[in-house]
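Student: Handing you a structure now.
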Amino acid sequence: MKIVTVIRRVPDAEARVRVEGDDVVLTGAAWVLDGMDEYGVEEALRLRESGIDAEIVALAVGPDATEEALRTALAMGADRARLLTTDAAPDPLTTARMLAAAIQEEEADLVLVGGKQADWDSAALGPALAETLGWPVADWTTSLAVDGDTLQCVHDADVGNEALAMPLPAVVTTQQGLNDPRYPTLPNIMKAKRKELRAEPAPDASASVRTVSRTVEQRERRRTLIEGDPREGAHAIVSLLREAGA
Amino acid sequence: MSGAERGPVLVWVDVVGTEPTRGALQAIDAARRLAAAAGTHVHGVAAGEDAQVAARYLPTVHRIDALPDGHDARVRAWHASLDGTGATMFVVAGTRTALAVAPRVAVRAGGAYLEEAVTLTVEDGQVVAERLTQLQRVTERLVAEATSAVVTVKVGAFAEAEPAEELGSVEVLDVVADERDRRVTVRPHEGGSGAAVALEEADVVVAGGRGLGSAEAFDTLVIPLAERLGGAVGATRAVVDAEWRPYGEQIGQTGKTVAPTVYLALGISGAVQHMSGMNRSRWIVAINADADAPIFQQCDVGVINDVHAVVPELMKALEER
Ligand SMILES: Cc1cc2nc3c(=O)[nH]c(=O)nc-3n(C[C@H](O)[C@H](O)[C@H](O)COP(=O)(O)OP(=O)(O)OC[C@H]3O[C@@H](n4cnc5c(N)ncnc54)[C@H](O)[C@@H]3O)c2cc1C
Ligand SMILES: Nc1ncnc2c1ncn2[C@@H]1O[C@H](COP(=O)(O)O)[C@@H](O)[C@H]1O
């Protein structure tokens with residue numbers, strides 16, 4: 001079978017966020033493979049290691065520099081990578097349309113997508129991609145197994161969790177708890193440099209959502225700090241609870 | 001586009017027991033604001049008997065019966081409600097289910113998707129929303145440049161709507177599920193959390209971090225305090241990784257997002273990934289032994305002390321009040 005694992009390049013959380021004009025400026029950001037996507041790459045590798053004959057393709061939409069994140073996926077063990085390059089910052093639905101063409105071309109059986117993208121704070125990409133492809137989707141997946149043409153998974157619902165079964169091809173969105181992503185070893189990082197990474201321009205797709213401005217969210221807090229007698233601290237908390245009506 | 005061409009604003013209403021969920025009440029408030037800005041009115045959409053409850057809040061409610069389980073049928077129903085009423089705006093609370101269903105409805109309708117809106121209005125006939133990105137640190141203003149707009153509303157961002165003066169009317173909306181809507185089979189699975197109060201719905205959240213020192217400290221400090229305040233228990237990832245608490249209680253980037261009236265953080269350092277799940281709480285209280293803990297930069301009341309000393313005093317002070 002063919003497994004496509006969709007990845008994104010995101011700034012690591014330690015970066016300081018500023019806005020200049022309408023652009024987000026991330027000072028000192030290290031750009032990394034999104035942690036949520038690591039679960040997808042790892043799960044693809046585990047499916048193969050469980051005895052399923054699978055080719056694993058890492059696929060991304062983004063600027064040229066996304067190659068680095070794709071190399072990380074290759075170093076974890078993906079077989080080859082494809083980058084649909086664009087310097088525009090397409091929204092999740094537009095990104096889904098860009099990805100869908102490549103996924104159809106690959107004739108993928110299973111597509112793994114990060115459950116939430118750290119830069120967008122969005123959970124839309126996986127479901128939007130499934131709908132664009134006309135495939136079923138399992139969201140917030142915590143375990144999965146392939147049984148012939150059927151995908152079995154457990155996912156988190158609003159309350160508790162559910163077991164899902166669906167026919168392949170399908171899209172799965174990942175989350176923490178699905179697995180423990182491996183770290184690329186040095187020999188694998190070296191090997192990854194020689195693996196195929198094909199870059200081509202992303203297909204044109206017009207967005208239906210336009211960002212008109214950005215500001216840094218700053219909520220003013222009181223910051224009443226109390227040191228010393230724990231009783232004093234306790235009383236300050238009780239006054240706040242009373243004020244809040246809680 | 002004028003209000004009339006836009007049709008009504010639709011709002012999906014989930015009900016638990018005999019009341020809309022808090023999320024649904026917030027979505028109704030958001031829909032009312034959007035309708036006021038667009039010069040139109042709000043219609044509810046609800047499943048089966050839930051429609052009667054929704055009619056206490058809304059003048060017209062479209063009732064959808066016999067929905068099969070699963071997301072596919074919901075996509076069908078929500079999309080059909082837009083189609084069947086001439087509406088172009090659909091609003092729903094940003095629950096896990098809605099965050100997975102709503103973008104699909106937008107794709108199917110060829111419309112725009114506005115995810116986890118914190119404000120909502122109409123300018124020059126287009127729906128405009130603000131949402132948070134970059135781990136909830138940046139506010140983006142987005143314009144929906146499509147005929148239809150599907151909106152999920154961020155938990156805690158809007159007020160809870162009050163009932164209307166008059167009971168609304170309920171109309172049945174026929175939705176025919178097809179085979180594709182049954183391709184995913186859904187079964188309940190063992191091991192769901194048995195929390196007394198759902199985390200996202202709670203008015204007070206008492207969350208514990210690694211600073212508590214042990215799983216037992218949750219039983220002796222966090223849980224009794226949460227019970228005393230009628231709140232829910234939350235945890236950091238460090239605590240979930242240590243298996244002191246289940247993943248269902250994790251708050252943050254890779255866990256749940258909450259915005260209660262009061263968030264009490266006990267022994268939590270305040271990492272960006274944690275803060276992104278709770279920084280929209282109305283009030284934040286922190287108890288941490290380290291005066292330099294980042295959480296003290298973003299709290300309303302901070303107690304620089306050992307949790308083991310403060311929480312018993314807090315319980316005592318609560319008994320006295
Ligand atoms: C991709 C990614 C996703 C992540 N997602 C999440 C997420 O969803 N949620 C999340 O929470 N984290 C998440 N994290 C982890 C996050 O970065 C932090 O590691 C985590 O939040 C720290 O948890 P903590 O505050 O309990 O522990 P610590 O950072 O170890 O803090 C413990 C605090 O307790 C204080 N303390 C110690 N003893 C006492 C005492 N006796 N009394 C009072 N205070 C005391 C200390 O001063 C310290 O500030 C994520 C990380 C990554 C990389
Ligand atoms: N790349 C990553 N993706 C997801 N979680 C991570 C990653 N790196 C570290 N963590 C988690 O972040 C917390 C702190 O990690 P560490 O500082 O590496 O011990 C732990 O809960 C780790 O599980």
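Student: Condition (residue is facing chain B (nearest Cβ under 7 Å), buried (at least 21 other Cβ atoms within 10 Å of the Cβ) and under 18 Å from A:P203 (Cβ atoms)) applied to region A:122-129: is it met by at least one residue?
Tutor: Within region A:122-129, one or more residues are facing chain B (nearest Cβ under 7 Å), buried (at least 21 other Cβ atoms within 10 Å of the Cβ) and under 18 Å from A:P203 (Cβ atoms).
Student: To continue, here is another question. Is there any pair with a first residue in region A:24-42 that is assigned to a loop (DSSP other than H, G, I, E, B) and a second that is away from ligand 1 (no atom under 12 Å from the Cβ) whose Cβ atoms are under 7 Å apart and which are 6 or more apart or on different chains, and what are they?
Tutor: As it stands, the answer is A:G28/A:A15; A:G28/A:R16; A:A29/A:A15; A:D34/A:I7; A:D34/A:R8, since those pairs meet every condition given.
Student: From the list A:D64, A:D53, which residue is more than 14 Å from chain B (Cβ to nearest Cβ), more than 28 Å from A:A138 (Cα to Cα) and over 17 Å from the mean Cα position of the chain (by Cα)?
Tutor: Matching residue, one of A:D64, A:D53: A:D64.
Student: Okay, next question. Tell me which residues, restricted to region B:226-260, are away from ligand 1 (no atom under 14 Å from the Cβ) and crowded, with 19+ Cβ neighbours inside 10 Å.
Tutor: B:A226, B:L229, B:G231, B:A232, B:A259, B:P260
Student: On to the next question. For a quick check of your reading: which strands (runs of 3 or more DSSP E) sit entirely within region A:195-246 and have at least 1 residues that are at pLDDT 95 or above and surrounded by 13 or more Cβ atoms within 10 Å (Cβ to Cβ)?
Tutor: Here the list reads A:197-201, A:224-227.
Student: Consider A:P203 carefully, then state whether it is more than 16 Å from ligand 1 (Cβ to nearest atom), out of contact with any strand residue (DSSP E or B) (no Cβ under 6 Å at 6 or more places or on another chain), more than 9 Å from chain B (Cβ to nearest Cβ) and touching a residue at least 12 places away in the same chain (Cβ under 8 Å).
Tutor: Answer is yes for this residue.
Student: Please find, among A:D12, A:D37, A:D53, A:D79, the residue that is within 16 Å of ligand 2 (Cβ to nearest atom), out of contact with any helix residue (DSSP H, G or I) (no Cβ under 8 Å at 6 or more places or on another chain) and under 23 Å from A:L178 (Cα atoms).
Tutor: A:D12
Student: Based on this model, can you work out whether B:T261 counts as touching a Lys or Arg at 6+ places or on another chain (Cβ under 6 Å) and among the polar types (S, T, N, Q)?
Tutor: yes
Student: Being facing another protein chain (nearest Cβ under 8 Å), out of contact with any strand residue (DSSP E or B) (no Cβ under 6 Å at 6 or more places or on another chain) and closer than 15 Å to A:A207 by Cα, is that true of even one residue in region A:99-121?
Tutor: There is no residue in region A:99-121 that is facing another protein chain (nearest Cβ under 8 Å), out of contact with any strand residue (DSSP E or B) (no Cβ under 6 Å at 6 or more places or on another chain) and closer than 15 Å to A:A207 by Cα.
Student: Which condition does B:R187 not pass, out of (1) on the phi < 0 side of the Ramachandran plot; (2) within 16 Å of ligand 1 (Cβ to nearest atom), if it passes all the others?
Tutor: The number of the failed condition is (2).
Student: Answer with yes or no whether B:A293 is over 22 Å from B:R137 (Cβ atoms) and either out of contact with any Cys (no Cβ under 9 Å at 6 or more places or on another chain) or within 11 Å of another protein chain (Cβ to nearest Cβ) (or both).
Tutor: no
Student: Considering only region B:276-292, state which residues are within 13 Å of ligand 1 (Cβ to nearest atom) and closer than 19 Å to A:A234 by Cα.
Tutor: B:V285, B:A286, B:I287, B:N288, B:A289, B:D290, B:A291
Student: Take region A:187-246 and flag every residue that is within 16 Å of B:V310 (Cα to Cα) and of a type in the set (D, E, K, R).
Tutor: A:E227, A:D229, A:R231, A:E232
Student: Tell me the strands (runs of 3 or more DSSP E) entirely within region B:111-150 that contain at least 3 residues that are facing chain A (nearest Cβ under 7 Å).
Tutor: Ranges flagged: B:112-117, B:138-144.
Student: Next question, about the same structure. Among the candidates A:D119, A:D87, which residue alone is at pLDDT below 95, within 16 Å of ligand 2 (Cβ to nearest atom) and not in a helix (DSSP H, G or I)?
Tutor: Criteria check complete, one pass: A:D119.
Student: Is it the case that some residue within region B:274-281 is facing chain A (nearest Cβ under 9 Å) and surrounded by fewer than 20 Cβ atoms within 10 Å (Cβ to Cβ)?
Tutor: Taking every residue of region B:274-281 in turn, none turns out to be facing chain A (nearest Cβ under 9 Å) and surrounded by fewer than 20 Cβ atoms within 10 Å (Cβ to Cβ).
Student: Next question, about the same structure. Give me the residue from region B:92-110 that is facing chain A (nearest Cβ under 7 Å) and in contact (Cβ under 8 Å) with a residue 40 or more places away in the chain and, out of that set, farthest from A:L133 (Cα to Cα).
Tutor: Among those that are facing chain A (nearest Cβ under 7 Å) and in contact (Cβ under 8 Å) with a residue 40 or more places away in the chain, it is B:T95.
Student: Looking at B:L58, is it in a loop (DSSP other than H, G, I, E, B) and at pLDDT 95 or above?
Tutor: So B:L58 fits the description; yes.
Student: Of all residues in region A:138-160, count the ones that are surrounded by fewer than 22 Cβ atoms within 10 Å (Cβ to Cβ), of a type outside the set (A, V, I, L, M) and within 11 Å of chain B (Cβ to nearest Cβ).
Tutor: 6
Student: Do any residues in region B:200-217 that are surrounded by fewer than 24 Cβ atoms within 10 Å (Cβ to Cβ) have Cβ atoms under 6 Å from those of residues that are among the charged types (D, E, K, R), where the two are at least six apart or on different chains, and which pairs are they?
Tutor: B:E201/B:R22
Student: Within region B:21-41, how many residues turn out to be closer than 16 Å to B:T152 by Cβ and not hydroxyl-bearing (S, T, Y)?
Tutor: 12
Student: Which condition does A:T132 not pass, out of (1) of a type in the set (S, T, Y); (2) more than 7 Å from chain B (Cβ to nearest Cβ); (3) not in a strand (DSSP E or B), if it passes all the others?
Tutor: (2)
Student: Among the residues of region B:134-182, which ones are surrounded by 15 or more Cβ atoms within 10 Å (Cβ to Cβ) and basic (K, R)?
Tutor: Selection gives B:R137, B:R141, B:K154.
Student: Now, a different point. Which of the residues spanning region B:300-321 are within 16 Å of ligand 1 (Cβ to nearest atom), among the acidic types (D, E) and either in contact with a helix residue (DSSP H, G or I) (Cβ under 7 Å, 6 or more places away or on another chain) or facing chain A (nearest Cβ under 7 Å) (or both)?
Tutor: Listed by number, the list holds a single entry, B:E313.
Student: Could you tell me which of the residues B:L34, B:L10 is at pLDDT 95 or above, in a strand (DSSP E or B) and in contact with a Leu (Cβ under 8 Å, 6 or more places away or on another chain)?
Tutor: Just a single option satisfies the conditions, and that option is B:L10.
Student: Looking for whichever is within 11 Å of chain B (Cβ to nearest Cβ), farther than 30 Å from B:H71 by Cβ and touching a residue at least 24 places away in the same chain (Cβ under 8 Å) here; the options are A:R219, A:R214. Which one fits?
Tutor: Exactly one of A:R219, A:R214 is within 11 Å of chain B (Cβ to nearest Cβ), farther than 30 Å from B:H71 by Cβ and touching a residue at least 24 places away in the same chain (Cβ under 8 Å), namely A:R214.
The values are calculated or read from the model by the stated rules, or taken from the named source; none is laboratory data. Remember, it's a predicted structure, so these values are computed and weren't measured experimentally. Neighbour counts are summed over all protein chains in view; Cβ atoms, including those assigned to glycine, are modelled from backbone coordinates with ideal geometry.
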